[in-house]
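Report on the structure given below.
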Amino acid sequence: MKVAIVEDETPHAEALQDLLQQWSEEHQALIDVALFDSGEAILSACGDLFDLVFMDIQMKGMNGISAARQLRQQGVHGQLVFLTSFSEYVFDGYEVQALNYLMKPVSYEKIAKCMDYVEQKLHDDHYTFRDHDSVTRIAYSKIINFSSANHYTQIITTEGDFRQRESLQIVFSHLPSRFLFCHRTIIINMEHVSKLKGRELVLSNGVIVPISQTYLQDVRSGLMSYADMMR
């Protein structure tokens, strides 16, 4: 999880960083924390890389509400948590879809609650797998299909291909309902199906994959249900 702390008071920033480290150790979760001392600083960085931003409201220069508003205008979709010493700012966060407001000094219990929520949301929205000593996280919306390749599973995405040393059946057991087997060696993401033609599917990358007789009815009914749901 990539986390940003935007705080111009060093003691507060370091205290929050310590709480995040405590949560990371207790949950055995990998987090990458970046510190920024102003709203201008995070705006000049790649704000869309962060899953969670802890934003102080009262800072020198641009305040946190204005910085958050500009982040949203830039298309940043990560969760926002405001840090403040004054409760009157709470209602200002609705327009930027703030996850929470935390009163300073922040407690570990409240930090842990925010982190637990974001971790679960990321798990729900992303496919995560470990390969040796690295962890890869891919948004489900970017996965076109999975295919079997010997003892590996190929993961075909809109941003390139990945490989996981795992069977297709085990991979499938962790996937949400938008994914279907169309062949014993292929799992497709219904979100990326452009056309159903006979016993073939045309995917969003132009690749044509076969549908075996075993899965033909499941694919047809699944695509119908998915189309109805998206209307």
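The condition (being under 21 Å from the mean Cα position of the chain (by Cα) and open to solvent by 80 Å² or more (accessible area, probe 1.4 Å)) is satisfied by just one residue among Gln120, Gln154, Gln169: Gln120.
Listed here are the residues, each with its yes/no results for (1) in a helix (DSSP H, G or I); (2) modelled with pLDDT under 90; (3) more than 23 Å from Val207 (Cβ to Cβ).
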{"position": "His123", "(1), (2), (3)": "yes, yes, yes"}
{"position": "Arg130", "(1), (2), (3)": "no, yes, yes"}
{"position": "Arg137", "(1), (2), (3)": "no, yes, yes"}
{"position": "Ser148", "(1), (2), (3)": "no, no, no"}
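Every residue, every condition in (1) among the β-branched types (Val, Ile, Thr); (2) modelled with pLDDT of 95 or more; (3) part of a strand (DSSP E or B); (4) touching a Ser or Thr at 6+ places or on another chain (Cβ under 7 Å), yes or no:
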| site | (1), (2), (3), (4) |
| --- | --- |
| Ile5 | yes, yes, yes, no |
| Asp18 | no, yes, no, no |
| Gln22 | no, yes, no, no |
| Glu25 | no, no, no, no |
| Phe54 | no, yes, yes, no |
| Ile65 | yes, no, no, no |
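Just a yes or no: is a residue in the stretch 194-217 in contact (Cβ under 8 Å) with a residue 40 or more places away in the chain, on the phi < 0 side of the Ramachandran plot, of a type outside the set (Lys, Arg) and in a helix (DSSP H, G or I)? No, the stretch 194-217 contains no residue that is in contact (Cβ under 8 Å) with a residue 40 or more places away in the chain, on the phi < 0 side of the Ramachandran plot, of a type outside the set (Lys, Arg) and in a helix (DSSP H, G or I). What is the one condition in (1) open to solvent by 70 Å² or more (accessible area, probe 1.4 Å); (2) assigned to a helix (DSSP H, G or I) that Met115 does not satisfy? For Met115, the failing item is (1). Within the stretch 172-193, the residues that satisfy the criterion of being buried (at least 16 other Cβ atoms within 10 Å of the Cβ) and not in a strand (DSSP E or B) are Arg178, Thr185, Met190, His192.
Looking only at residues in the stretch 198-222 that are among the hydrophobic types (A, V, I, L, M, F, W, C) and in contact with a helix residue (DSSP H, G or I) (Cβ under 6 Å, 6 or more places away or on another chain), which one is surrounded by the most Cβ atoms within 10 Å (Cβ to Cβ)? I'd like the intermediate steps shown before the answer.
Step one: list which residues in the stretch 198-222 are among the hydrophobic types (A, V, I, L, M, F, W, C), which gives 201-203, 207-209, 211, 216, 219.
Filter once more, so that each one left must be in contact with a helix residue (DSSP H, G or I) (Cβ under 6 Å, 6 or more places away or on another chain): 203, 211.
Numbers: Leu203: 18, Ile211: 23.
Ranking the qualifying residues of the stretch 198-222, first place goes to Ile211.
The values are calculated or read from the model by the stated rules, or taken from the named source; none is laboratory data. None of the values given here were measured: they were computed from a predicted structure. Every residue, glycine among them, receives a Cβ derived from its backbone with ideal geometry; neighbour counts consider all protein chains shown. The area values use the complete protein model at the heavy-atom level, side chains included, leaving out ligands, DNA and RNA. Shrake-Rupley method; radii C 1.70, N 1.55, O 1.52, S 1.80 Å.
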